[in-house]
Structure formats: structure tokens, C-alpha cells
Amino acid sequence: MNPGVTVDLALPAWLTAEQRATLVALAERNHAAHGDDLLGILLSGSAGRDHTTPHSDLDVVVVLTDEAAAHRQTAHSPDVDEAVDSWSELLDVPAFGTGGWWFRWTYAHAPVLLDRTGGELAQAARRQAVLTPDEADAMLIDHDRLDGWINFAYRALKNDRGGRPLEARLDAAESVPWLLDVVFSIAGRVRPYNSYLPWELRHHPVEGWPADELLGLLDRTLTGDVAAIRETFVRVRAACTAYDEERGHTRTTGMIDGWGSELDLFAPA
């Protein structure tokens, strides 16, 4: 260990001088404490995506060897949240439904400030935020995200037809997380946290879902607008057709078709 070595960070251009100084001090403190056991540093959160507000802090992920990480835990302060990942934790890719799934988007588009692994750390971070084709299939089919969205959307339409506007709005609202899982799974990506959804759609567009159009459909759906639900269904069905063709199967279109005559409710009024 050589605490006298200055840590050379790749800092995003949008950071303020104060943020830069804070990150340099954090890196040098971690180098002094861990030396070669410090494998890398990532900047997540709003600062890592040039999406800050006056209330934003710095969300930093410090990656250590397994042995060094065993003696560290996440530290919170008003200015910095300093999470610690062991190398094994970063390489592990949690499946949907497990405790670690929620944290996978943390690494999406997160600048790598320091990588002492020859690029393996950056690659592992990118892997967290993408879905393999088999993972996408599992999300859409095995975990019922597609069928679940159709179910809630169908219930909203039934409630609207039955003159139950509150119930329609509730089911429409409940359909939204399922829909977003469908949209991002088809794209091979982990769904972003809600606070980053507009940012993600505008800075990293999803094919077939222009940001303003999808956000508009979501906004209308949350009010119980059944026309928005029907418009969304047309888009989802087309996206599933293209997805199945690319995957060489009919699993998603088959699931939709399995609804049979119930799909008549999705036809334009």
C-alpha cells in the first residue's frame, strides 16, 4: 500500500468544482485505506447522470476485493452516499424477484471514475443493467410481466365498461409498472427507477417508444383513460411480434393470443 499515490479519476465534465474535490478526497481516502484492494469507483445517482437538483447528493459505489469489502459497509452523509461492493457482488447478476434485482439499475449509465481491473469492472457494471435474451424471456413469460400487464389493463377496461371509474383508474395505475417491465425487457434493459424514467427515455431511447409518446400514454393511463390503454395495447402487440421474430419463437405473441375473445375489449371503442 502506498498512501502517497494520487488517484487519477475520470471525472464527468458536468461536475462542479466542489463535487470534483469531494470525489478526489473520497478516492484518495479509499486508496490510503485499501491500496491495491481498491479496484474501482463508480458514480451513480443523479450526479452520475447529469440530472441533479439542488437537493442532490453524490451516490458513489466503491468496489473492493472481497476480503477488503468484508470490513466495510455503506456510509451515509448529507453530501455523499458511499456504497461498498465486493468484487464478487459486482460480478453477481441477481435474477428478477431476488433481493439484489432492485439494485441492478444503479449501474446503468453510471460513469466509471476509476477502474484498476483493465476494463473488467466497467464491463461488469454494464452487465448489471442489461438483460440477456433468456433473461428477457423470463421477465416477459416466466415472471408474467406481459400477462400481468394485459390482466390489469383488461380489468381497467372492464371497470370502465361497467361504470366504475375509480376502480378503472386503480387498475390502470397498477398496470403501469408491469407495462414498463414489458417495454424495457423487450429492449433488453432493466427498467429504470421512476425518478429517472423520463431521463432514460430521452437520453437512451427505447426503439418503438419515443419518450414523449410513451410518457404521454403513461400519464393518460394513470388518469384511467381507456383510449390510452387501447393505444398502448396496439404498440405492445407490435413490439411482441417483432421480439418473437428476432428470438425465433412465438412465446409472447402466443401468450397474447391466448386471451382469445377477451381481447375484443382492447379494440378501439
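A short reminder: the numbers here are calculations on the coordinates, not readings from a lab. In this text, all values refer to a predicted model and were calculated from it rather than measured experimentally. For neighbour counting, all protein chains shown are included, and Cβ atoms are generated from backbone atoms with ideal geometry for every residue, glycine included.
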Worksheet entry | Which numbered condition Gly48 misses (of (1) closer than 30 Å to Trp178 by Cα; (2) part of a helix (DSSP H, G or I); (3) free of Cβ contacts under 8 Å to residues at least 12 places away in the same chain) | (3)
Practice prompt. Taking Phe233 as the residue in question, decide whether it is touching a strand residue (DSSP E or B) at 6+ places or on another chain (Cβ under 8 Å) and part of a helix (DSSP H, G or I).
Written response: no
Item to complete: Report yes if some residue within region 151-165 is farther than 19 Å from Ala267 by Cβ and either within 21 Å of the chain's Cα centre (by Cα) or part of a helix (DSSP H, G or I) (or both); otherwise report no.
Response: yes
Worksheet entry | In region 125-136, the residues that are under 17 Å from the mean Cα position of the chain (by Cα), over 15 Å from Leu90 (Cα atoms) and in a helix (DSSP H, G or I) | Pro133, Glu135, Ala136
Practice prompt. For residues that are among the hydrophobic types (A, V, I, L, M, F, W, C) and closer than 30 Å to Ala227 by Cβ, tally how many sit in region 122-159.
Written response: 11
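Residue-wise test of (1) part of a loop (DSSP other than H, G, I, E, B); (2) touching a Ser or Thr at 6+ places or on another chain (Cβ under 8 Å).
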site	(1), (2)
Glu82	no, yes
Ser88	no, no
Phe96	yes, no
Trp102	no, no
Gly118	yes, no
Practice prompt. Search region 242-257 for residues that are farther than 13 Å from Ala136 by Cβ and pair each with any residue that is assigned to a loop (DSSP other than H, G, I, E, B) when their beta-carbon atoms are under 7 Å apart and the residues are at least 6 apart or on different chains.
Written response: none
Discussion item. Any residue at all in region 166-182 that's surrounded by fewer than 18 Cβ atoms within 10 Å (Cβ to Cβ) and of a type in the set (Ser, Thr, Tyr)?
Written reply: no
Practice prompt. Within region 227-246, count every residue that is surrounded by 16 or more Cβ atoms within 10 Å (Cβ to Cβ) and out of contact with any Gly (no Cβ under 9 Å at 6 or more places or on another chain).
Written response: 9
Discussion item. With the requirement that a residue be closer than 19 Å to Arg251 by Cβ and among the small types (Gly, Ala, Ser), what does region 173-192 give you?
Written reply: Ser185, Ala187, Gly188
Worksheet item: Any idea which of Ala238, Ala227 is without any contact (Cβ under 8 Å) to a residue 40 or more places away in the chain and more than 13 Å from the chain's Cα centre (by Cα)?
Response: Ala238
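For every residue, the table says whether it meets (1) charged (D, E, K, R); (2) free of Cβ contacts under 8 Å to residues at least 24 places away in the same chain; (3) over 21 Å from Arg126 (Cβ atoms).
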{"residue": "Gly148", "(1), (2), (3)": "no, no, yes"}
{"residue": "Arg161", "(1), (2), (3)": "yes, no, yes"}
{"residue": "Arg191", "(1), (2), (3)": "yes, no, no"}
{"residue": "Asn194", "(1), (2), (3)": "no, yes, yes"}
{"residue": "Gly208", "(1), (2), (3)": "no, no, yes"}
{"residue": "Glu213", "(1), (2), (3)": "yes, yes, yes"}
{"residue": "Leu217", "(1), (2), (3)": "no, yes, yes"}
Worksheet item: What about His71, is it without any contact (Cβ under 8 Å) to a residue 24 or more places away in the chain, under 24 Å from the mean Cα position of the chain (by Cα) and farther than 30 Å from Arg145 by Cβ?
Response: no
Worksheet entry | Members of region 115-129 found to be without any contact (Cβ under 8 Å) to a residue 40 or more places away in the chain and surrounded by fewer than 17 Cβ atoms within 10 Å (Cβ to Cβ), listed by number | Gly118, Gly119, Glu120, Gln123, Arg126, Arg127
Worksheet item: Within region 63-70, is there a residue that is of a type in the set (S, T, N, Q) and either out of contact with any Asp or Glu (no Cβ under 6 Å at 6 or more places or on another chain) or over 18 Å from Thr117 (Cα atoms) (or both)?
Response: no
Worksheet item: Taking region 223-244 on its own, how many of its residues are in contact with a helix residue (DSSP H, G or I) (Cβ under 9 Å, 6 or more places away or on another chain) and under 27 Å from Leu131 (Cα atoms)?
Response: 14
